[in-house]
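The values are calculated or read from the model by the stated rules, or taken from the named source; none is laboratory data. In this text, all values refer to a predicted model and were calculated from it rather than measured experimentally. Virtual Cβ from ideal backbone geometry, glycine too; neighbours counted across all protein chains shown. Each accessible area value is taken on the protein alone, full model and side chains, heavy atoms only, with ligands, DNA and RNA left out. Shrake-Rupley method; radii C 1.70, N 1.55, O 1.52, S 1.80 Å.
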Amino acid sequence: MAGLKKVILFEGYAQVKEVDQDRLSELVTMAKGERTLQEFAAECGLNISTLSRIINKKNAGGSADSVLARIAIHADPESGVTIEKLLEAQGRAAMEGARSPREVLGSLALEDMLSDLVPSEDDADMKRRSAAQLTAMKAEQEEKKRLDGFRMTIQNALLMASHTVALSKDNVAIQGVEFDCYADFILETDALKDEGIEKWAFIRLRDTGNKACFGMMGFFGMMFLHNPVQEGRRVTFLTEDKATYQLLREMYRDAPVNASVSFMLVNTKELAVISEYVMERSDTKNAVKIFGEGQPVDYLAKFKE
């Protein structure tokens, strides 16, 4: 097996402390999972002696970036071992402006620069698995970036409207009989206090058009069986597609619900909440309306003047 190139993959990560040999050994053992050391080494494209030295704490000088990257890529999916944890055990810390390690691995995959990260042997199946894992990692990064855009947009709008905002550790939007519906994020805020609601759950609509509209029936069915208001939650469905927002608004305009539900149109590039359509409640409570329905709401105007 060919040796590994001595390259620095994670630029901007400085050595700030000694290698934690115990932690590194633990992480590699976890990453191996149920595989034998020989099987894990083969999947990683590493010599078994390389992994053995790490596990037996004989690798005093630490491991090359490419070794850590291979271990992270081929780690048992249920082990929880990530490239961030491996770098931390290596004693490395990110300096200001450093790219995230996962972004680095994703970029390498997109630029077809995996020769230092996959086995040098002609193993097509192994290479496909590595590429698939990195593709999935890149997709996960892009999805996180999109969700961060939604969250920052709404947080900024609420803060500019002088409301308290905190990110909740809770992630259940609607409790179900057989399974729960999870929010993409939940904010704890005083914005809806007049409605008796303390938590605002947000779900990004992955579909658009009629598919998104009819997909709402499943959510309403769950809320009919267990009203989120009982846990002090409003559930808001997010979209950046204006046509989808208008369809949702028209389809459910005359359908009051015994819950606190809304549809929200946002522009994450401009960090602006464009509009929120709040459904009327069928009980005695009046739904609180924070954002203007049908007209732009620009909470960044103060900074543009």
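So how do E78, E276 rank on accessible area, 1.4 Å probe, biggest first, that is with the largest at the start?
So the residues, ranked largest to smallest area, are E78, E276.
Within segment 203-279, list the trypsin sites (Lys or Arg not before Pro) lying in a DSSP loop whose Cβ has at most 16 other Cβ atoms in a 10 Å radius.
R206, R253, K269
Per residue, how large is the accessible surface of segment 195-249? Use a 1.4 angstrom probe and give square angstrom.
45
For segment 160-305, calculate the relative contact order in percent as a whole number, restricting contacts to Cα pairs under 8 Å that are 6 or more residues apart.
Dividing the mean separation by the residue count of segment 160-305 yields 18 percent.
Just to be sure I understand the model, the point goes 7 Å from the Cα along the line to the Cβ. What's the resulting R206 to A93 distance in nm?
3.8
When a/c reaches 1.5 or more, the comparison of a/b and b/c decides; with that in mind, is segment 22-61 rounded, prolate or oblate per its Cα gyration tensor?
oblate
In nanometres, what is the gap between the two model label sites at L225 and A161, each 7 Å from Cα along Cα-to-Cβ?
3.2
Sort T239, T268, T164 by accessible area with a 1.4 Å probe, largest first.
The ordering from most to least exposed comes out as T164, T268, T239.
Given 0.36 nm per residue, what is the gain on full extension from E18 to E142 after removing their alpha carbon distance, in nm?
Answer, rounded to one decimal: 41.3 nm.
Ranked highest first by average number of other Cβ atoms within 10 Å, how do 254-265, 34-45, 90-101 line up?
254-265, 34-45, 90-101
Nearest 0.05, what FRET efficiency do E280 and D241 give at R0 = 30 Å with Cβ-Cβ as r?
For E280 and D241, the calculated efficiency is 0.80.
What shape does segment 39-109 have by the C-alpha gyration tensor, where a ≥ b ≥ c are the square roots of the eigenvalues, rounded means a/c under 1.5, and otherwise prolate means a/b greater than b/c and oblate the rest?
Here segment 39-109 falls in the oblate category.
Treat every Asp and Glu Cβ in segment 7-71 as -1 and every Lys and Arg Cβ as +1, leave all other atoms uncharged, and give the resulting dipole magnitude about the Cα centre to the nearest 20 debye.
It comes to approximately 160 debye.
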